[in-house]
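Supplied in structure tokens, the structure appears directly below.
Every number in this text was worked out from the coordinates using simple rules, so none of it is lab data. Please read these numbers as outputs of a predicted model, since none were measured by experiment. Every residue, glycine as well, gets a Cβ built from its backbone with ideal geometry; the counts of neighbours run over all protein chains shown.
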Amino acid sequence: MADATIDPPSELDPGGDRELKRSITGKLLFFYVLGVVLGSGIYVLIGLVAGAVGGAFWIAFAVGVTVATITGLAYAELVTKYPQAAGAALYVHKAFRNHPLTFLITVSMLSASFAAAGSLATGFAAYFKQVWDLPPALLVTLVFIILLAIVNFIGITESVVTNMVMTLVEVAGLVIVMIIGIVYIGQGKADFGILVDFQTKESALLGVIAGVALAFFAMTGFENAANVAEETVDPARTFPRALVGGMIAAGVIYVLVAMVSALTVPIGTLQKSDAALLEVVKAGILPVPVGFMTILFACIAMVAITNTTLVAVVTQSRILYGMSKEDVVPAPFGKIHAARRSPWFALIFAALVVCALLISGWLLNRAGVGVDVVARLATVTVIFTLFIYALVIISALKLRGQDEDDDTFIAPTWLLLIGILGNLVLLGYVLYDDPASLYWVAALLLLGLALFLLEHFFGKRDRPAGRGRGDRIARNEA
Amino acid sequence: MHVIVATDGSKQSLLAAQHLMAFADPARISDVTVVAVIRPLAAVAFADELSDVDHPQTTSEALSFRQAATNALAVIAAEFEGWGPTVHQQILSGSPANEIIKAAEAADAGLVVVAAGSRGLSETVLLGSTAQRVQHYAPCPVLVVRPAPRKRRRPS
């Protein structure tokens, strides 16, 4: 490995990989994307999607996956231009150069991952109940979130090997479901008519859109691949392939699993179940004791959900850390623990926010309002991510012709236009269907605003004299 | 002799570098390689607390851990300027202890200098730190520079 000598001082040529060793290969990135995407939905949400559409709910997954993958193309294009960890905030900033908009996007990213972590934790508790029924679900979710913060603080999951093993476990769970499907079809019991059966409340189209909006949650998380963009080997070539490849692989798995679930379990059962994929296993199609399979499968589902939630927690603390470095949130968020090199304050704060969301949901339920916490927080996540995704695609189009070289991956423009349309249609539908989610959205946005105001009025001491807020940004652009 | 000096961006790692210079004979050292390791999957992949460049790149829009590592390396490397040995800088990526050990093996190093971040409880209770792992598996002697015992904290 070649070194950069001291003269000229500290010039590590950022373009030439000779002096810089990057550790995330295309294969690792593929598994990272697959793992993050797979955990985030199918284990948690499949029952809700089935309930919205009926037997044909695999179509909802197919459409949701397609819209998300098109958005993935825009991310891939932007990552090859700007291989940095900031993701959407950076792209929107480059495209619009508008500080309030950049702040809004950053807070939206933060809020989306708060809501996602809350939804995933609730899903985790549903599977946990299958293994050990005693502790109340709220307690399980809170302990889960706090444990993940601690795990991130210590840094256990930093190993790429751990990440890959968790992804393989996730895939194994869904392979079990597919084997059940093949056996079932082999036994000649499958009634394929169910796959084109719509049991929607309103029109079939609205039902499918409802399903798509929920299924969309299953694909969120892929944008966190930007976390490792900077450490990806040869990002211009690797990133588009690994990101889009991972998403397509996840999409194919989703559609197949949705079909198997529809074939093997009555839609009504799927809809009522908290841990719907377990119903497929419980149908007793494989010649293995159902009790054993149930526990095995519940454990696999918990690994999957944990993997995705861990990445959400990493994203939250990174965003808070980055915002603190930029002086838009108070300085403690930038504090790093001396031995662990972790942003301990950001981790604690993020865990508290997610816990507060979960407790709010629980209190509302106790007060008789009747909130389905999984669905509500998933909807909140989807609102934020649809907004972010649409803006990212617009940014990708707006940044065409800038910072491009021969290696830059360019996504087909017509696909991106369809992507914007798809994201906006879904956003419109979700807002129309569940306007109460807007309270949660507003609460999370206000939290971001509160942190900003706190820093604005009380946080001036840590800024060097004579420098205004945002000056650094201006300098970066030079 | 080739010496590897690791930095995690902490002030303690700067103290470690200074400690080496305080007692070592520069005439006996041919090369110093300053090494920074980025942890891609960590919450903060690299935190630079050394450079007073005011983190020009580590903003939420342009969060660049590579830039943070480059800045921290520059600070440590500047310490060694004019001391004698040829100074190299390396940015690596992965698990810190592994990468430091690999760098030591690749350079056929005669000494590895690392900082131990914490004192007391968190070091014993939490799982092994980078310094401990380097100590166990390095192919050469290791200098672990520990923080001074905690004095009464100054009111800030």
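To the nearest 20 Debye, how big is the dipole of region A:26-477 about its Cα centre, given +1 on the beta carbon of each Lys and Arg and -1 on that of each Asp and Glu?
On the way: 27 positive and 27 negative charges, 187 e Å.
Using only the charged Cβ atoms, the result is roughly 900 debye.
Moving on. Before rounding to the nearest 500, sum -39500 (n - 2.57) across all DSSP H runs of length at least 4 in chain A and divide by the residue total; then give [θ] at 222 nm in deg cm²/dmol. All intermediate terms of the calculation are to be shown ahead of the outcome.
On the way: 17 runs with 329 residues, N = 478.
Theoretical 222 nm ellipticity from helices: -23500 deg cm²/dmol.
How large is ³J(HN,Hα), in whole Hz, for each residue of region A:36-45 in order, when computed from phi with the Karplus curve 6.51 cos²θ - 1.76 cosθ + 1.60 and θ = phi - 60°, using x for Gly and Pro?
5, 6, 4, x, 8, x, 4, 6, 9, 10
Here is a follow-up. Please compare each pair in A:Lys21/A:Lys81; A:Lys27/A:Lys325; A:Lys81/A:Lys325; A:Lys21/A:Lys325; A:Lys335/B:Lys102 to a cut-off of 28 Å on the Cα-Cα distance and tell me which ones are over it.
Pairs exceeding 28 Å: A:Lys27/A:Lys325; A:Lys335/B:Lys102.
Separate question: By the gyration tensor of its Cα atoms, with a ≥ b ≥ c the square roots of the eigenvalues, what is the shape of region A:328-374: rounded for a/c under 1.5, prolate for a/b over b/c, or oblate?
Numbers: a/c = 4.98, a/b = 3.12, b/c = 1.59.
Because a/c hits 1.5 or more and a/b exceeds b/c, region A:328-374 counts as prolate.
So for chain A, taking the charge dipole from beta-carbon charges (+1 Lys/Arg, -1 Asp/Glu), which of A:Ile348, A:Leu296, A:Tyr127 sits furthest toward the positive end?
About the Cα centre, the residue reaching furthest to the positive side is A:Ile348.
Multiply the residue separation of A:Ala356 and A:Val288 by 0.36 nm, subtract the distance between their alpha-carbon atoms, and state the gained length in nm to one decimal. Mind dumping the intermediate values first?
Values: separation 68, 0.36 × 68 = 24.48 nm, distance 4.11 nm.
Length gained, A:Ala356 through A:Val288: 20.4 nm.
Moving to a separate point now. Would you mind calculating the relative contact order of region A:258-405 from Cα pairs under 8 angstrom and at least 6 residues apart, reporting the percent as a whole number?
Values: 80 pairs, mean separation 14.0, N = 148.
Computed over region A:258-405, the figure is 9 percent.
Hey, for a label at A:Val175 modelled as a point 7 Å past Cα toward Cβ, could you say which residues of region A:228-249 have their backbone N under 16 Å away?
A:249
Also: Over the whole of A:317-327, what's the average partner chain Cβ count within 10 Å per residue? Rounded to a whole number, please.
Values: counts 3, 7, 2, 2, 6, 9, 4, 3, 12, 7, 1.
What the average comes to for A:317-327 is 5.
From the residues A:Ile319, A:Gly118, A:Val175, which one has its Cα farthest along the dipole of region A:26-477 in the positive direction, the dipole being from +1 and -1 charges on Cβ of Lys/Arg and Asp/Glu about the Cα centre?
Farthest towards the positive end: A:Ile319.
Report, to the nearest 10°, how far helix A:235-264 tilts away from the longest principal axis of the Cα atoms in chain A, using its own Cα long axis and a range of 0 to 90°.
Helix A:235-264 and the main axis of chain A meet at about 20 degrees.
I need the peptides B:33-45, B:82-94 ranked by packing, meaning the mean over residues of other C-beta atoms within 10 angstrom, with the highest value on top.
B:33-45, B:82-94
Quick check: pseudo-label points 7 Å beyond the Cα along Cα→Cβ at A:Leu424 and A:Leu134, how many nm apart are they?
Using points 7 Å along Cα→Cβ, the separation is 5.5 nm.
Obtain the nm distance between the two label points defined at A:Ile295 and A:Leu364 by a simple spin-label model: each point lies 7 Å from its Cα along the Cα-to-C-beta direction.
Between A:Ile295 and A:Leu364, the label points sit 3.6 nm apart.
Positive end of the charge dipole of chain A (Lys, Arg +1 and Asp, Glu -1 on Cβ, about the Cα centre): tell me which of A:Ile410, A:His93, A:Ile393 has its Cα farthest that way.
The Cα lying farthest towards the positive end belongs to A:His93.
What does the C-alpha gyration tensor say about the overall shape of region A:127-180? Classify as rounded when a/c is under 1.5, otherwise prolate if a/b is larger than b/c, or oblate.
Numbers: a/c = 4.09, a/b = 1.09, b/c = 3.76.
Note, shape of region A:127-180 comes out oblate.
Counting only other chains, what is the mean number of Cβ atoms within 10 angstrom of the Cβ of each residue in peptide A:394-401? Before the final figure, lay out the partial values.
Values: counts 0, 0, 0, 0, 0, 0, 0, 0.
Going residue by residue through A:394-401 and averaging, the value is 0.
How would you rank A:273-280, A:231-238, highest first, on the average number of other Cβ atoms within 10 Å across their residues?
Values: A:273-280: 22.5, A:231-238: 20.1.
Those peptides, ordered most packed to least, come out A:273-280, A:231-238.
For region A:166-208, what does the alpha-carbon gyration tensor say about shape, rounded, prolate or oblate, given a ≥ b ≥ c as the root eigenvalues, a/c under 1.5 as rounded, and a/b over b/c as prolate? Mind dumping the intermediate values first?
Values: a/c = 5.70, a/b = 1.49, b/c = 3.83.
Because a/c hits 1.5 or more and a/b fails to exceed b/c, region A:166-208 counts as oblate.
Estimate the FRET efficiency between A:Leu101 and A:Ile154 by the formula 1/(1 + (r/R0)^6), using the beta-carbon distance for r and 41 Å for R0, to the nearest 0.05. Provide the component values of the computation, followed by the final result.
Working: r = 36 Å, r/R0 = 0.89.
Efficiency at R0 = 41 Å is approximately 0.65.
Further question on the same structure: Within 10 Å, count the other beta carbons around each residue, average over each peptide in A:74-85, A:126-137, A:328-339, A:96-107, and list them highest first.
Packing proxy ranking, top to bottom: A:74-85, A:328-339, A:96-107, A:126-137.
Same structure, new question: Apply 1/(1 + (r/R0)^6) to the Cβ-Cβ distance of A:Val165 and A:Arg237, taking R0 = 25 Å, and write down the FRET efficiency to the nearest 0.05. Numbers along the way, then the final one.
On the way: r = 26 Å, r/R0 = 1.05.
Efficiency at R0 = 25 Å is approximately 0.45.
For chain A, what does the relative contact order come out to in percent, with C-alpha contacts under 8 Å and a separation of six or more?
Relative CO of chain A lands at 32 percent.
Sticking with this one: How many nm separate the modelled label positions at A:Ile182 and A:Ala442, each set 7 Å beyond the Cα in the direction of the Cβ?
With each label placed 7 Å out from Cα toward Cβ, I get 5.3 nm.
I would also like to ask the following. For a quick check of your reading of the filter: which GluC sites (Glu not before Pro) in region B:58-117 sit in a DSSP loop and have no more than 13 other Cβ atoms within 10 Å?
Details: sites: B:Glu61, B:Glu79, B:Glu81, B:Glu99, B:Glu105; in loops: B:Glu61, B:Glu81.
Passing sites in region B:58-117 are B:Glu81.
Continuing with this model, one more query. Can you list residues from other chains, or at least 5 along the same chain, whose modelled amide H is less than 5 Å from the amide H of B:Leu92?
Long-range HN contacts for B:Leu92: B:Ala36, B:Val37, B:Ile38.
For the protein assembly as shown, just run the numbers: alpha carbon Rg, then divide by 2.2 N^0.38 Å, N being how many residues it has.
Details: Rg = 25.3 Å, N = 634, 2.2 N^0.38 = 25.5 Å.
Cα-based Rg divided by the globular estimate yields 0.99.
Inside 10 Å of the C-beta atoms of B:93-99, what's the mean count of C-beta atoms belonging to other chains? Walk me through the intermediate numbers first.
On the way: counts 10, 8, 6, 3, 0, 1, 2.
The mean count of partner-chain Cβ atoms within 10 Å per residue comes to 4.
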